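What follows is a set of notes on a single structure, which appears directly below.
The values are calculated or read from the model by the stated rules, or taken from the named source; none is laboratory data. None of these values were measured; they are calculated from a predicted model. So basically every Cβ, Gly included, is an ideal-geometry build from the backbone, and we count neighbours across all protein chains shown. Just so you know, the surface numbers come from the protein's heavy atoms only, side chains and all, with ligands and any DNA or RNA stripped out. Shrake-Rupley method; radii C 1.70, N 1.55, O 1.52, S 1.80 Å.
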Amino acid sequence: MGLKRLAIGIAAFVVVSALALGLITGTFGRLFGHNSAVAGESAGGSSPAGPASSSGPSEAAGESAPSGSTAGSAGSDVPTTGPTDGAGTNGATASAELPGAVLLAARPGDKPDAATVAARIEAVSRKGVGGVYSGSAVDVGTGKKLFSHRAGVGEIPASVTKILTSSAVLSELGPEHRFTTSVVRSGKQIILVGGGDPYLASKTTAKTYPARASVADLAKLTAAALKKSKVTTVKLGYDASLFSGPSWNPSWPSGYGDQTTRTSALWVDEGRLAGYSPGPRTIDPAGQAARTFAAALEKKGIKVTGVGQAKASKKYAKVAAVRSMPLERIVERVLMVSDNDGAEVLFRQVAIAAGRPGSIKEAQRAMKATLTRLGAWQDGTVIHDGSGLSRDNRISGSTLTRLLRLAAQDSHPELRGVITGLPVAGVEGSLEHRFDGQDSSAARGMVRGKTGTLRQVYSLAGFVRTADGTLVVYAFIANGATSEYAAKNWLDNVSTAVATCGCTG
């Protein structure tokens with residue numbers, strides 16, 4: 001009987017342990033698992049190194065080689081393809097299939113004590129950092145201010161600017177929006193029309209998530225349609241007029257040429273000649289895209305007699321089209337690896353969505369209008385670009401925490417990609433190699449945040465779940481810092497102080 005009881009006891013222990021393990025892994029999967037595929041894409045591609053010039057940004061937008069799109073049916077006479085992302089034909093995502101909320105609800109009654117939170121943050125040494133900072137921490141559930149230090153003062157934000165750009169474009173277009181690259185025809189001339197897809201690729205592959213539309217897919221569809229009409233020789237034009245005005249932001253130094261491509265509504269592989277960033281860029285992204293498309297057409301049996309700029313008319317017959325990955329996936333990618341190129345395209349798309357021309361000036365106006373509508377624009381905010389490369393930008397810590405709180409709430413599901421796109425500390429994206437110090441390692445896997453780095457400018461903004469279950473959004477922007485090492489350690493340590501806090505008074 002003793003052996004039988006022992007066997008029953010062991011079996012019961014195994015069952016209970018399995019159930020407990022399932023609950024734990026399920027919980028952490030909901031909290032952090034959503035970005036695992038995105039993290040895999042950026043592995044080995046994002047680089048913390050900056051340009052050789054000491055005046056340039058040191059936060060890179062390095063990325064891995066782009067993937068192709070998965071073909072589908074457009075359900076119309078125009079052959080269309082686009083990434084499916086597991087969402088069905090041509091990527092048409094039903095709302096019921098969107099990923100669920102990734103944040104766990106705070107336990108009832110958990111109300112953080114502001115004095116306790118502030119004391120923990122202020123106890124973190126700023127020795128060696130120098131300069132000044134704008135800092136803010138807010139309880140997501142109640143909106144209660146937990147910490148404020150020059151919170152309303154605008155500072156040079158660096159790449160945390162991408163939080164504003166991402167929020168604005170998602171608010172205007174919605175998470176399921178896709179950008180279309182198309183081909184139209186007039187006689188024996190076809191025109192490649194750019195739709196502002198930041199991740200349009202040159203080649204088709206299915207190895208990287210999320211899948212990207214490609215000119216290789218577009219050439220395949222176009223060639224099939226032309227042959228069906230018994231056309232095998234064409235002249236190719238290209239139209240990138242969706243975006244207007246200067247392609248290079250006047251507030252950027254010329255030395256940033258390895259950090260971002262001249263912004264265009266038509267490019268392939270983000271205009272990166274070596275396939276990564278920082279790195280060499282084409283000075284003619286639209287022309288390069290057209291030539292890449294022409295070469296793909298030739299491989300499909302269509303002779304191209306010439307390539308040049310053209311203007312598409314709405315009267316021209318549509319031949320074929322490819323669609324981008326959903327906007328939510330684009331935003332996640334931009335935030336995860338701090339992609340300057342992608343952010344600048346989204347910046348122009350905010351203006352287009354507002355019915356304005358796709359210029360820098362109109363994007364600036366549209367950003368202010370959208371953020372004002374969201375209740376996140378504050379006096380003193382200045383936005384010159386979408387990536388944060390401009391040293392003329394000014395954003396406060398409280399502006400960032402307002403937006404992050406909106407994105408974390410159920411009342412703004414359209415902004416969810418801003419939250420799911422934030423890298424996890426010590427795990428992925430631009431935070432993969434951070435939080436490795438003695439005072440910050442406890443927060444690895446527990447903090448999510450968007451980094452920002454320019455010369456003497458260091459920032460970090462995101463959210464943490466405290467040790468007692470409270471969800472807190474935070475933002476810290478340091479300007480005039482005299483030591484990059486000390487500044488980054490301080491940012492890691494202050495967010496760790498919040499993450500490890502038992503602060504419910």
ask   = Considering only DSSP beta bridges with both partners in the stretch 135-273, what is the antiparallel share in %, to the nearest 5?
value = 60 percent
ask   = To the nearest 0.05, how large is the calculated FRET efficiency for Lys361 and Ser411 if R₀ is 30 Å and r is the Cβ-Cβ distance?
value = 0.40
query = Can you pull out the chymotrypsin sites (Phe, Trp or Tyr not before Pro) in the stretch 396-486 that DSSP calls coil and that have at most 11 other Cβ atoms within 10 Å?
reply = none
task = Go through the stretch 174-222 and name the trypsin sites (Lys or Arg not before Pro) that are in a DSSP coil and have 15 or fewer other Cβ atoms within 10 Å of their Cβ.
result = Lys188, Lys207
query = Quick one: if you stick a label point 7 Å off each Cα along the C-beta vector at Thr205 and Gln309, how many nm between them?
reply = 3.3 nm
inquiry  = Given axes a ≥ b ≥ c from the Cα gyration tensor, I'd like to know whether the stretch 285-402 is rounded (a/c under 1.5), prolate (a/b larger than b/c) or oblate.
reply    = prolate
request  = Run the 1.4 Å probe and let me know the accessible area of Asp197, rounded to the nearest 10 Å².
outcome  = 10 Å²
remark   = Two pseudo-spin positions, 7 Å from Cα along C-beta at Thr233 and at Asp468, lie apart in nanometres by 8.0 nm
